[in-house]
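One structure is given here, and the rest of the page talks about it.
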Amino acid sequence: MTYELLVPIFIVSTALISIGLYGVMSKKNILKIILSLDLMDTGVNILIVAMGYLPGGTAPIENGNYKVYVDPVPQALVLTAIVIGVSVTALALAIAINYYRKTGTIELEKEGVMKW
């Protein structure tokens, strides 16, 4: 196994981050912006997990044999990032619901609120 297996993963994660960034920068709908932020979050998580990959590596469980182990830190960071991402998404959706109740729309430009 070599690192050539990681090239498609890097391409997919870069595409997800780019699509999410485009959505955040160009959309005026609050729900589309939140979805774009989630796409970026997923792309970054995939990239971090791929960076921790080691060809021929095994799980870092000590069993007496000293082999090549995969670094567990990126996986732990991604698990933490997933929990934080879900919390941020829930907070953003609560803000979007509150904004909709107050203004009656989820479009940012219709009520005079400028995004930039």
Exercise. Listed residues LEU21, LEU31, LEU35; which is within 30 Å of ARG101 (Cβ to Cβ) and more than 12 Å from the chain's Cα centre (by Cα)?
Worked result: LEU31
Exercise. So TYR53 clears everything in (1) exposed (fewer than 13 other Cβ atoms within 10 Å of the Cβ); (2) not in a helix (DSSP H, G or I) except one condition, right? Which one?
Worked result: (1)
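More than 21 Å from VAL88 (Cα to Cα) and in a helix (DSSP H, G or I): does that describe LEU21? Spell out the reasoning first.
Values: more than 21 Å from VAL88 (Cα to Cα): no; in a helix (DSSP H, G or I): yes.
Here the answer is no, as LEU21 does not meet what is asked.
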Exercise. Does VAL78 qualify as being over 20 Å from the mean Cα position of the chain (by Cα) and surrounded by 15 or more Cβ atoms within 10 Å (Cβ to Cβ)?
Worked result: no
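None of the figures in this text is laboratory data; all of them are computed from the coordinates on show. As the structure is a prediction and not an experimental result, all values here were calculated from the model. Cβ: placed from backbone, ideal geometry, glycine included. Neighbour counts: every protein chain shown.
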